[in-house]
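Accompanying notes for the structure given below.
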Amino acid sequence: MTLSGIALSLFSISVVAGLLGALLGIGGGLIVIPALTLLYDLDIRLAIGASAVSIIATSSGAAVAYLRDRLTDVRIAVLLEVGTTAGALTGALLAGVVSPRYLYLAFGAVLLYSALAMYRSRRQELPGEVRPDALSRWLRLEGEYYDPALGRTVSYRAGRALPGLFIMYGAGIVAGLLGIGSGIFKVLAMDQVMKLPIKVSTATSNFMIGVTAAATAAVYLARGQIAPGVAAPVALGVLTGATLGTRLMVRLRGRTLRALFIPILLVTALQMFWRGWQG
């Protein structure tokens, strides 16, 4: 295959990654890294570097649109980023002390349970009555947005902010220890624990993942592990897909987003079980 052909295929795969990343708030790494390592036999460190750049592209492409549509809740994003950052620092300190095998197995089980819980609520368009806890009331974790798919304004309040913060702390530890993105855990914390509308969860996750990816990309750039010939078509493809995804997401119903998210949870859970089994 010629260089232009490789660049075009990288771009095409990245469009799909960016589309799903913007729709589900998980970034493009879940697709980009396996594609680069398995299909193109690229070194894993270069793949992670390109993935970090792609996540920045996803976040940048989606954040502006979701902020404009008032889907992103900045207060919740700042709160949960505190947990993620603290967890990432803890994970860095624990690296080499804790066996990754058991973490893979434990979080694989968590994701499997979460997939089951989301499957049970797959027909739910919006959360039911949510009782905010003291932290949610103090931080005023509430908002509203206009939903074109429902044709009305949706008001929401967050509940159980403290458990959500602890989950993000755990997700940060896993991200720091295992080198995986925490976007999928961000969505789960907001959707399953804090009982936010799925659209708010994915939009806010998109806003948050860019912060973590920027720090990761800076480290890999300093190490010389970002290849421009790979990162450029990947970033352009992801940005294109993210732009399409933001326009599509506001028109989809919440139950459709849940239906798309469940297979991602199952695949990620199986990957974690496999890595844990391999030791």
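Here are the numbers:
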quantity	calculated
Top-ranked residue in the stretch 248-262 [being closer than 14 Å to ALA117 by Cα and not aliphatic (A, V, I, L, M); ranked as surrounded by the fewest Cβ atoms within 10 Å (Cβ to Cβ)]	ARG255
Residues within the stretch 263-279 that are crowded, with 16+ Cβ neighbours inside 10 Å and β-branched (Val, Ile, Thr), tallied	2
Residue in the stretch 139-158 that is farthest from ILE76 (Cα to Cα), counting only those that are of a type outside the set (Lys, Arg) and without any contact (Cβ under 8 Å) to a residue 60 or more places away in the chain	GLY151
Scan of the stretch 40-90 for residues that are of a type in the set (Ser, Thr, Tyr) and in contact with a helix residue (DSSP H, G or I) (Cβ under 7 Å, 6 or more places away or on another chain), ordered by number	SER51, SER54, THR58, SER59, SER60, TYR66, THR72, THR84, THR85, THR90
Condition met for VAL154 (assigned to a strand (DSSP E or B) and among the hydrophobic types (A, V, I, L, M, F, W, C))	yes
Candidates VAL110, VAL97 - the one that is surrounded by fewer than 16 Cβ atoms within 10 Å (Cβ to Cβ) and β-branched (Val, Ile, Thr)	VAL97
Yes/no for ASP69 being of a type in the set (Asp, Glu), buried (at least 16 other Cβ atoms within 10 Å of the Cβ) and farther than 20 Å from LEU165 by Cα	yes
Filter result (hydrophobic (A, V, I, L, M, F, W, C) and surrounded by fewer than 22 Cβ atoms within 10 Å (Cβ to Cβ)) within the stretch 1-12	MET1, LEU3, ILE6, ALA7, LEU8, PHE11
Lone qualifier among LEU8, LEU30 - being closer than 20 Å to LEU265 by Cα and in a helix (DSSP H, G or I)	LEU30
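Okay, residues lined up against (1) at pLDDT below 80; (2) of a type in the set (Gly, Ala, Ser); (3) within 15 Å of MET168 (Cα to Cα):
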{"site": "LEU188", "(1), (2), (3)": "no, no, yes"}
{"site": "THR212", "(1), (2), (3)": "yes, no, yes"}
{"site": "ARG223", "(1), (2), (3)": "yes, no, no"}
{"site": "ALA235", "(1), (2), (3)": "no, yes, no"}
{"site": "THR243", "(1), (2), (3)": "no, no, no"}
{"site": "ARG255", "(1), (2), (3)": "no, no, no"}
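The values are calculated or read from the model by the stated rules, or taken from the named source; none is laboratory data. In this text, all values refer to a predicted model and were calculated from it rather than measured experimentally. Because the Cβ atoms are built from the backbone with ideal geometry, glycine has one as well, and the counts that use them run over all protein chains shown.
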